[in-house]
Structures are given as structure tokens and as C-alpha cells.
1. Give the value in nm², to one decimal: projected area of the alpha carbon convex hull of the range 43-88, averaged over all directions.
2. Of Gly229, Ile76, Ile8, which is farthest along the charge dipole of the chain in the positive direction, counting Lys and Arg as +1 and Asp and Glu as -1 at C-beta?
3. For the chain, set up a Gaussian network in which alpha carbons nearer than 10 Å are linked by springs, and say which option among Glu116, Glu80, Glu128 fluctuates the most.
4. With angles folded into 0 to 90 degrees, how steeply does helix 149-161 sit against the dominant principal axis of the chain? Use alpha carbons for both and round to 10.
5. May I ask for the angle, rounded to the nearest 10°, between helix 103-112 and the longest principal axis of the chain, with both axes built from Cα atoms and the value confined to 0 to 90°?
6. Give me the Å³ per residue figure for the convex hull around the C-alpha atoms of the range 95-164.
7. How tilted is helix 179-196 with respect to the longest principal axis of the chain? Cα atoms for both, answer in degrees (0 to 90, nearest 10).
8. May I ask what percent, to the nearest 5, of DSSP beta bridges between residues of the chain are antiparallel?
Amino acid sequence: MEESNNKIVISIEGLTKSFGDNTILDGITLHLNKEENLVVLGKSGSGKSVLIKCIVGLLQHDTGSIKVGSHEITDISEEELIKVRKKIGFLFQGAALYDSMTVRENLTFALLRLKEKFTTDQVNEMIEEALENVGLPDSIDKMPSELSGGMKKRIGLARTLVVKPDIILYDEPTTGLDPITSDEISHLINDTRDKFKNASIIITHDINCVKTVADRIVMIKDGKVYKEGSLEEFTSEQDPYIKSFFK
């Protein structure tokens with residue numbers, strides 16, 4: 001059943017994106033509800049990462065509509081796009097920390113991009129709170145090179161949380177991690193949603209992550225929505241393509 005519009009925080013209609021003759025997204029339609037973990041599932045190269053990059057304007061889509069709240073991304077000015085981006089946290093696949101900056105400096109940089117006037121005490125308090133929320137308060141003065149892969153993912157999430165976004169986009173949050181650390185990151189995604197009441201799109205092909213975080217799943221195949229439904233609907237599906245993910 002379609003959720004009422006006042007619960008929808010992102011609405012995408014008929015989205016297309018091509019690179020030359022290669023069509024990546026071919027009429028994608030989906031929505032994200034408040035306080036929902038929506039998993040976008042599909043094989044590598046199916047367009048999952050392109051989709052979320054279009055949402056934040058890192059890539060310009062060809063046709064279709066993307067609305068974040070009441071803002072239509074297609075017709076938005078650069079100034080308005082910056083305002084929209086302030087509401088969206090983006091956790092990149094590789095955490096994307098600045099290697100030459102300490103953890104403190106990485107998080108401070110995220111706050112500076114908001115272009116709001118914070119005192120030094122406020123900045124320190126916000127950084128400490130964000131690191132506490134991901135379970136790494138003692139990492140504040142470490143360099144990225146001193147962190148494990150799982151710790152880098154957590155710091156990447158802390159940098160996202162420090163700006164208090166309404167929406168978080170996770171791009172393959174468990175890629176490259178061992179099973180135990182992957183499970184920890186998956187549970188941290190749930191803990192983050194439960195504590196901060198944000199909505200999330202999680203791009204992944206990690207089925208263990210899917211089973212932990214998904215409130216709803218959208219599967220993309222050949223640039224189109226192949227199936228949408230609950231985890232239970234996907235795991236009971238007899239379609240051979242879908243079953244190949246959940247075996």
C-alpha cells in the first residue's frame with residue numbers, strides 16, 4: 001500500500017540516466033518514507049550508486065523527477081541545492097575520510113561546510129557526541145591511517161551524523177569488511193535510525209546486511225525496478241533471479 005504523501009521524504013518518478021549509449025537508470029520510480037530503512041538491492045553495475053548520486057545532485061539525471069521534501073532537484077538553484085544537501089548525509093563506500101586530517105579535523109570540516117556560526121566549544125561538543133554515537137570517542141585525534149576498515153566506516157558515519165541530517169544515504173556500507181564487522185555496521189545503521197528518527201536509503205548487495213536493516217526492499221535490474229516489497233516477500237519469492245540473491 002502506498003504511504004500517504006506527508007510521510008514521504010524522497011519521491012522519485014520516471015528517473016533516467018545514461019552515459020553515452022549505456023542506459024544505467026531506465027524509468028526508476030520509488031519513494032522513501034520518514035524513519036524508514038529502504039534497501040536498494042541489485043547486482044554490481046545495476047545503477048544503485050548512480051541513483052543516490054542523482055538524489056544529492058552529484059550526478060545530473062537525464063529525465064524524470066526527484067523530490068526531496070518539497071524541493072524538486074531538477075529545477076533547483078545551486079543555493080537551494082546546498083540547503084537540501086544539509087538535510088542529507090552521504091556515507092560513501094570507502095568512508096572518504098581526508099587522509100591528511102585527524103578524525104577531529106574531518107568532522108570539523110563537515111561542520112564548516114554548513115556555513116553556520118558555531119563556537120569552538122559547540123564544535124567540540126558536537127564532534128564528541130557524534131563519536132560517542134558510533135562507539136569511537138577515543139579516536140578523536142587519530143589519523144585515518146591508524147584506523148581499521150570498520151573504524152573508518154564508523155568515523156564516516158560520525159561525520160555524517162555530526163550535521164544532524166534528516167536522511168542518510170549509505171553506499172555499500174559493509175563492502176570490504178569481515179562478517180563480524182559488517183554485522184556491527186548493519187546494527188549501527190538500525191541504532192542510528194532508532195535514535196535520531198532519520199530515514200535511510202541503503203545501497204547494498206550484502207544479503208546479511210539486507211536481512212538486518214531492511215524495512216522495505218527495492219530491487220533494481222537492467223535499470224528498472226524489478227520488485228518492491230518486504231524482506232518476507234523477497235525471501236519467499238520463487239522467481240529464480242530473486243532467489244539467487246537469497247540462497
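No lab work stands behind these numbers, since they all come straight from the coordinates. In this text, all values refer to a predicted model and were calculated from it rather than measured experimentally. Heads up, the Cβs are rebuilt from the backbone with ideal geometry, glycines too, and the neighbour counts pull from every protein chain shown.
1. Working: hull surface 14.1 nm².
It is 3.5 nm².
2. Of Gly229, Ile76, Ile8, it is Ile76.
3. Looking only at Glu116, Glu80, Glu128, the largest GNM fluctuation is found for Glu116.
4. The two axes meet at around 90 degrees.
5. 70 degrees
6. Given the Cα convex hull of the range 95-164, per-residue volume reads 75 Å³.
7. Roughly 80 degrees between the two axes.
8. 55 percent
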